[in-house]
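Shown next, in structure tokens, is the structure this report addresses.
The values are calculated or read from the model by the stated rules, or taken from the named source; none is laboratory data. In this text, all values refer to a predicted model and were calculated from it rather than measured experimentally. Here the Cβ positions follow ideal geometry from the backbone for every residue, glycine too, while neighbour counts run over all protein chains shown.
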């Protein structure tokens, strides 16, 4: 089985691993459970590049693990 094919497996553990199975995603989730909610705060704590962080957060939102919630209207900002 290839790493990129985990999301197609009938096994729920394999499918979950396809969502959270890399180090940055697990660290994002750890910080989320510790109360971090905003992009800049994640970046400060993790020291990850903006591109990688944005990618991991987008994947977690698409998978339904996290939810994007607006906290400011002008300019529009989310946590």
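Looking at segment 38-51, can you tell me whether even one residue there is exposed (fewer than 12 other Cβ atoms within 10 Å of the Cβ), modelled with pLDDT of 90 or more and not in a helix (DSSP H, G or I)? Yes, segment 38-51 has at least one match.
Looking only at segment 59-67, decide whether some residue is farther than 18 Å from residue 21 by Cα and loosely packed, with under 14 Cβ neighbours inside 10 Å. It would help to see each step written out before you state the result.
Here is the first cut: in segment 59-67, the ones farther than 18 Å from residue 21 by Cα are 67.
With the extra rule that they be loosely packed, with under 14 Cβ neighbours inside 10 Å, the set shrinks to 67.
Within segment 59-67 (the criterion being farther than 18 Å from residue 21 by Cα and loosely packed, with under 14 Cβ neighbours inside 10 Å), the answer is yes, since at least one residue qualifies.
Quick one: how many residues across segment 15-36 are surrounded by 12 or more Cβ atoms within 10 Å (Cβ to Cβ), over 10 Å from the mean Cα position of the chain (by Cα) and at pLDDT 95 or above? Matching residues across segment 15-36 total 2.
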